[in-house]
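Below is one structure, written out as structure tokens, with a few remarks after it.
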Amino acid sequence: MADKIWLKIINGSVQAFGDEASLQTATGGEYDLIIPSERWNAVGNTASVENGAIVFRDPVEIAYERNAEVIRNERYLRLRQCDKISPMRWLAMTEEQRNAWIKYRQDLLDVPQQEGFPWDGDIAAVPWPVQPE
């Protein structure tokens, strides 16, 4: 196993090579960064490009962010349904019905503060509030 990893930014993503020769064969170019293989293994063999630079982040953090995005996207769709209630329908509701919709919308906004967020990105596992009738 190589004691170094050669990294190259290609088309906006990071490609890793176990030696300089394989990098040259694959890209014909220079590397962007060399790191010890132990560090590469410690970051779960992942890196990303941010502002043109190679950035290493904790794989657990990356998974959390992806899962949170899935849940937030579903929440956004549900919030959009609330926001589509026409003014005529809103005016025809009783005060109790309007309060139920206001509470439902706030409960959707509070989903990320619930224990267990982001539920491994599993939309079915989220304790979604019940939409009023």
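Highest GNM mean-square fluctuation among 59, 112, 87, for the chain modelled with Cα contacts below 10 Å: 87. Quick check on the chain: helices-only [θ] at 222 nm, where DSSP H runs of length 4 and up contribute -39,500 (n - 2.57) each and the sum goes over total residues. Nearest 500, please. Calculated mean residue ellipticity at 222 nm is -14000 deg cm²/dmol. What the Cβ-Cβ distance of residue 117 and residue 96 gives, at R0 = 35 Å and to the nearest 0.05, is a FRET efficiency of 0.75.
Summing charges over neighbours of residue 129, with a neighbour being any other residue whose Cβ is under 12 Å away from its Cβ, gives +2 when K and R count +1 and D and E count -1.
If r is the Cβ-Cβ distance from residue 2 to residue 124 and R0 is 41 Å, what FRET efficiency results, to the nearest 0.05?
Calculated transfer efficiency: 0.45.
Restricting the trypsin sites (Lys or Arg not before Pro) of the stretch 81-133 to loop positions (DSSP other than H, G, I, E, B) with no more than 15 neighbouring Cβ atoms within 10 Å leaves 84. Computed over the alpha-carbon pairs of the stretch 60-125, the distance histogram in 10 Å steps reads 20, 42, 23, 13, 2 percent, short to long.
Listed values for the stretch 96-108 are Karplus-derived 3J(HN,Hα) couplings in whole Hz (6.51 cos²θ - 1.76 cosθ + 1.60, θ = phi - 60°), namely 4, 5, 4, 4, 5, 5, 4, 5, 4, 5, 5, 4, 5, and x replaces Gly and Pro. Converting the Cα gyration tensor eigenvalues of the stretch 4-57 into ellipsoid dimensions via √(5λ) gives semi-axes, longest first, of 17, 14, 7 Å.
Karplus-derived 3J(HN,Hα) values for the stretch 120-131, using 6.51 cos²θ - 1.76 cosθ + 1.60 with θ = phi - 60°, are 6, x, 8, 4, 5, 7, 6, x, 5, x, 7, 5 Hz; glycine and proline are entered as x.
If R0 is taken as 25 Å, the Cβ-Cβ distance between residue 15 and residue 43 corresponds to a FRET efficiency of 0.95. Placing a pseudo-label 7 Å from each Cα along the Cα-to-Cβ vector at residue 33 and residue 86 gives an inter-label distance of 5.5 nm.
Between 91, 33, 79, the residue with the greatest mean-square fluctuation in the GNM of the chain (Cα pairs under 10 Å linked by springs) is 91. For the chain, the average shadow cast by the Cα convex hull is 11.8 nm², which is a quarter of the hull's surface.
Angle check, please: helix 59-83 long axis (alpha carbons) against the longest principal axis of the chain (alpha carbons), in degrees 0 to 90, nearest 10. The answer is roughly 30 degrees.
None of the figures in this text is laboratory data; all of them are computed from the coordinates on show. All values derive from a computational prediction rather than experimental measurement. Positions of Cβ are generated from backbone atoms using ideal geometry, with glycine treated the same way; all protein chains shown enter the neighbour counts.
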